[in-house]
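Please treat every number below as a calculation from the coordinates, not as lab data. Just so it is clear, the structure is predicted and the values come from calculations on it, not from any experiment. Every residue, glycine as well, gets a Cβ built from its backbone with ideal geometry; the counts of neighbours run over all protein chains shown.
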Amino acid sequence: MGLIHNTPVGAVEALLEAIHVYTGLPWWGTIIFTTLVMRIIFLPLIVNSQRNTIKLISLQPKIEKMMEDFKKAKNSGDNILLMRKHQQIREFYAENKISPLKNFYLIALQTPVMISFFIAVKKMAEFPVPGFENGGVLWFQNLTLPDPYYILPFLMSATFIAMMETSDASRINTPSANTMKWVFRGVTVISIPVAMSLSSSVHMYLMSSTIFSVLQTVLMNNKSIRRYLNLPNMPQMVKKSNQKSFLEQLKQLNTDVRKNIKEQK
């Protein structure tokens with residue numbers, strides 16, 4: 001049908017077809033099963049990423065002190081001192097087996113896969129792939145059409161909010177973090193009308209992926225499982241008395257940029 005090609009989206013479409021053919025699962029079960037398999041593959045990276053995050057938070061006071069010394073060395077114009085401070089930071093990261101880039105690697109790997117999966121399922125419904133018209137379940141038998149009762153869009157929004165509320169980031173109590181929480185909640189609610197136009201097959205993917213994230217967070221917060229995975233408890237983020245709010249940080253950034261442009265002129 002021309003859907004499978006040498007791109008990440010084509011690879012996901014080929015994977016979905018293979019699982020559907022060789023397992024005999026209906027299309028709704030194929031989408032959910034494939035989503036769970038792909039999420040399980042990323043579990044080791046997620047565990048390593050969380051372990052790295054916990055270490056970074058625990059060592060944050062030392063890292064901030066070293067960064068302040070590095071900034072002072074940079075402002076002093078002493079290149080030898082600057083290189084020495086930079087080397088100290090690198091050695092500190094190596095000794096503690098941490099890196100600010102480790103979490104970025106997870107996002108860089110996981111995000112393209114999730115986007116490719118979304119596009120693949122969307123295109124397969126739009127074609128439509130034979131069997132999608134009656135490959136649903138319960139009240140959404142036709143996977144090529146939106147939910148006729150608009151139940152799936154509201155369920156999907158509820159699972160997104162549940163994912164955010166159970167995440168480790170929800171326990172960070174800072175002005176910027178609290179602002180971002182409310183922004184995420186607002187965007188999730190506002191996006192419901194847009195979600196109403198998505199096919200039921202896309203909702204199957206998004207909901208199964210989000211529910212997996214919620215269960216993953218709940219299980220990884222279990223003390224026995226954390227001991228098995230050698231994951232220490234997440235340190236509490238303490239709000240500093242002089243910490244600015246998210247909006248204040250934006251204003252300060254805008255002021256600094258304007259000042260920098262003025263100085264350059």
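Ordered by the count of other Cβ atoms within 10 Å of each Cβ, fewest first, TRP27, TRP139 give TRP139, TRP27. What percent do you get for the relative contact order of segment 1-134 when only Cα pairs under 8 Å and 6+ apart count? Over segment 1-134, the number comes to 36 percent. Does segment 1-111 come out rounded, prolate or oblate, given a ≥ b ≥ c as the square roots of the eigenvalues of its C-alpha gyration tensor, rounded meaning a/c under 1.5 and, failing that, prolate meaning a/b above b/c? Because a/c hits 1.5 or more and a/b exceeds b/c, segment 1-111 counts as prolate.
Modelled this way, with points 7 Å down the Cα-to-C-beta line, the labels at GLN141 and LEU219 are 3.4 nm from one another.
Shown for MET204, MET66: other C-beta atoms within 10 Å of each C-beta, ranked fewest to most, produce the order MET66, MET204.
Entry note, segment 67-160: relative contact order of 11 percent, from Cα contacts under 8 Å with a spacing of 6+ residues. How about segment 51-156: which GluC sites (Glu not before Pro) there lie in a loop by DSSP and see at most 15 other Cβ atoms within 10 Å? The qualifying sites are GLU133.
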